[in-house]
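To start, the structure itself, in structure tokens.
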Amino acid sequence: MLKLEEILKKYFGYSDFRPGQKEVIERVLVGQDVIALLPTGMGKSLCYQLPGYIFNKPVLIISPLLSLMQDQVDQMKQFKEKRVVALNSFLNPTQKRATIQYLHDYRFIFISPEMLLQEQVQQKLNSMELSLIVVDEAHCISQWGFDFRPDYLRIGQAIGRGNRPPILALSATATEKVIGDIESYLNMNKPYKFIHSVDRSNIRLGKQQFQGREDKIDWILDHVTKSAGPGIIYTQSRSKTESLSQRLLQSGIASAAYHGGMDPLDRQFIQQQFIDGALEWIVATNAFGMGVHKQNVRQVIHESIPSNMANYMQEIGRAGRDGKDSLAILLYAEGDEELAKYVGIDDYPVDAHVDSYVNYRLKNELPTSMIHNGEISETAFRVLDYWMHQLQPAEVKQRLNSMKYEKMRAVEEVKELVDTTECVREKLVGYFGQTLERTPDDCCQCCGLDYKNIISKREIENTTLIEWNWKKRIEKLLLGSS
């Protein structure tokens, strides 16, 4: 009989499992499908890495973000694992062909949902015997699949072979509805569900209300210059990340903006600077976070109201991964929820797009012409195209309107956190269908939280302020100039 603790010690150097890891691994080893919800920092990756060393067949890991995938591969290589590869759009055609040809030789295969659905990849995977299929950040099936990554909804079709290995779906947070979506769209067979408490008692929950949006910015500048980081400030727009990070720089805070419109290399550079401690604060859209393994983030501030509770929980979960006291502060100004709703549905297909799609088909023209003719964004078209292949046009209109309503309702649920006079932690945990086990001291704003008890004062170094201009930082690194 396998002694899992011995294997854990041999390959990973740990003597004991963290809560949930052993239960999940035992179910996977007997061939059962598993949905595992383990909070950020609880070691989700071990749940498939350890079985990978027991099985003598490849493990396939479907991962949502290229940066996250690359980070996981790099970490495994640092731990002397050579049989690991990422199959994604970073590969040039020659590298891609070679990787697919020798795919069966790898122990761990990371792949994007889009790459998974390509015919040549499907053919290769169908000729192989896999030991385990992992869907990492599985909540994206529900949260992203319906919105702008419909390929997530097709994962089940791609891996749904009759003789498939067990499926392990991993996430940090998911509501009962999202768990249902995961089970349904992955065609899972009566999965074992391990659901750890979503509460992170070391993260204290603050909130502040303001009359106007500029008041929030003034508060942030004052708070960040006086209290210790490192920290992350989340905001909704790319332009806001740029302007706020500039104002922080002018206040002597080593900070940088991070958003999806930036060059991937720039984003990677900023992320590494933050992890290494060269930056005190990151000002980011929700593009920042997945795969960022920084243990000592002390603060997460939401300058704008998040689009839903799951995103909020994911984002505050980036604080305090070292188990030490940390602070999450949600800021609100009059009308923020209306802006969040607008941003949430701005790029959604509308009824006119459905009619236009039908007309292109009737004319025997490709509906993709809608993109080229400037009628619709590529993101919105992906969503439209998926549902037009699933439903009748009238049903598509119903579905899209229903999805818009759901997104607006999700914003209102976050607004309830702002409005409540009861324990914020209890309300947040309750949203995920759980009961709060204990209330820490300085629990939340409604329970008398004093920020000074959680976050220390910022120590200002007695050095000349470095001009954190982007190009000058690059020059410093590449040329070693002072």
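The values are calculated or read from the model by the stated rules, or taken from the named source; none is laboratory data. Just so it is clear, the model here is predicted, and its values are computed rather than measured. Cβ sites come from the backbone with ideal geometry, for glycine too, and all protein chains shown count toward neighbours.
Scan the range 279-302 residue by residue and report those that are in a loop (DSSP other than H, G, I, E, B), at negative phi and crowded, with 16+ Cβ neighbours inside 10 Å. Steps first, please.
Restricting attention to the range 279-302, the residues satisfying the condition of being in a loop (DSSP other than H, G, I, E, B) are 279-280, 285-298.
Narrowing further to those that are at negative phi: 279-280, 285-288, 290, 292-298.
If the condition is that a residue be in a loop (DSSP other than H, G, I, E, B), at negative phi and crowded, with 16+ Cβ neighbours inside 10 Å, then L279, E280, T285, N286, A287, F288, M290, V292, K294, V297, R298 are the ones that fit.
I need the full set of residues from the range 224-241 which are surrounded by fewer than 16 Cβ atoms within 10 Å (Cβ to Cβ) and in contact (Cβ under 8 Å) with a residue 40 or more places away in the chain, in order please.
Just the residues of the range 224-241 that are surrounded by fewer than 16 Cβ atoms within 10 Å (Cβ to Cβ), to begin with: 225-226, 228, 237, 239.
T225, K226, A228, S237, listed by residue number.
Taking the conditions exactly as written (closer than 24 Å to T99 by Cβ and touching a Ser or Thr at 6+ places or on another chain (Cβ under 7 Å)), does L60 satisfy them or not? Please lay out each step first, then the result.
Numbers: closer than 24 Å to T99 by Cβ: yes; touching a Ser or Thr at 6+ places or on another chain (Cβ under 7 Å): no.
The answer is no for L60.
Among (1) crowded, with 19+ Cβ neighbours inside 10 Å; (2) out of contact with any Phe, Trp or Tyr (no Cβ under 7 Å at 6 or more places or on another chain); (3) not hydrophobic (A, V, I, L, M, F, W, C), there is one condition P306 misses while meeting the rest; what is its number?
Condition not satisfied by P306: (2).
So, in the range 443-455, exactly how many residues are assigned to a loop (DSSP other than H, G, I, E, B) and under 22 Å from D222 (Cα atoms)? Working first, answer last.
Filtering the range 443-455 down to residues assigned to a loop (DSSP other than H, G, I, E, B) leaves 443, 448-450, 455.
Imposing the further condition that a residue be under 22 Å from D222 (Cα atoms) reduces the set to 448-450, 455.
Total meeting the criteria: 4.
Quick check on the range 130-153. Is at least one of its residues of a type in the set (V, I, T) and surrounded by fewer than 22 Cβ atoms within 10 Å (Cβ to Cβ)?
Narrowing the range 130-153 to residues of a type in the set (V, I, T): 133-135, 141.
Remaining after also requiring surrounded by fewer than 22 Cβ atoms within 10 Å (Cβ to Cβ): none.
No, the conditions are met nowhere in the range 130-153.
Within the range 181-240, track down each residue that is assigned to a loop (DSSP other than H, G, I, E, B) and over 30 Å from A256 (Cα atoms).
Quick first cut of the range 181-240, residues assigned to a loop (DSSP other than H, G, I, E, B) only: 186-191, 196-202, 211-212, 228-230, 235-237.
Listed by number, the residues that qualify are L186, N187, M188, N189, K190, P191, H196, S197.
Only one of these is surrounded by fewer than 19 Cβ atoms within 10 Å (Cβ to Cβ) and more than 21 Å from the chain's Cα centre (by Cα): L221, L248, L265, L244. Name it.
On the way: L248 fails: surrounded by fewer than 19 Cβ atoms within 10 Å (Cβ to Cβ); L265 fails: more than 21 Å from the chain's Cα centre (by Cα); L244 fails: surrounded by fewer than 19 Cβ atoms within 10 Å (Cβ to Cβ).
The conditions single out L221.
Could you figure out which of (1) over 20 Å from L50 (Cα atoms); (2) touching a residue at least 40 places away in the same chain (Cβ under 8 Å); (3) surrounded by fewer than 19 Cβ atoms within 10 Å (Cβ to Cβ); (4) over 25 Å from the mean Cα position of the chain (by Cα) isn't true of E176?
Among (1) over 20 Å from L50 (Cα atoms); (2) touching a residue at least 40 places away in the same chain (Cβ under 8 Å); (3) surrounded by fewer than 19 Cβ atoms within 10 Å (Cβ to Cβ); (4) over 25 Å from the mean Cα position of the chain (by Cα), E176 violates only (4).
Could we say that K341 is of a type in the set (D, E, K, R), surrounded by 19 or more Cβ atoms within 10 Å (Cβ to Cβ) and more than 19 Å from the chain's Cα centre (by Cα) here? Don't jump to the end; show me each part of the working.
Working: of a type in the set (D, E, K, R): yes; surrounded by 19 or more Cβ atoms within 10 Å (Cβ to Cβ): yes; more than 19 Å from the chain's Cα centre (by Cα): yes.
When the stated conditions are applied, K341 passes them.
Within the range 382-391, identify whether any single residue is under 28 Å from I305 (Cβ atoms) and of a type in the set (S, T, N, Q), and answer yes or no.
no
Which ranges mark the strands (runs of 3 or more DSSP E) fully within the range 10-99 that have 1 or more residues being of a type in the set (F, W, Y) and surrounded by fewer than 15 Cβ atoms within 10 Å (Cβ to Cβ)? Working first, answer last.
Working: elements: 34-37, 59-62, 84-87.
Hits in the range 10-99: none.
For the range 218-235, name all the residues that are at pLDDT below 95 and among the aliphatic types (A, V, I, L, M).
A228
Output the qualifying pairs, or none if there are none: Cβ atoms under 9 angstrom, residues six or more apart or on different chains, first residue in the range 79-93 and within 17 Å of Q122 (Cα to Cα), second residue of a type outside the set (D, E, K, R) and in a loop (DSSP other than H, G, I, E, B).
These pairs meet every condition: V85/Y102; V85/Y106; A86/S63; A86/S112; L87/S112; N88/S63; N88/S112; S89/S112.
Go through the range 359-378 and give me each residue that's surrounded by 15 or more Cβ atoms within 10 Å (Cβ to Cβ) and not charged (D, E, K, R). Give the steps one after another, and end with the answer.
Just the residues of the range 359-378 that are surrounded by 15 or more Cβ atoms within 10 Å (Cβ to Cβ), to begin with: 360, 367, 370-371, 375-377.
Result: Y360, P367, M370, I371, I376, S377.
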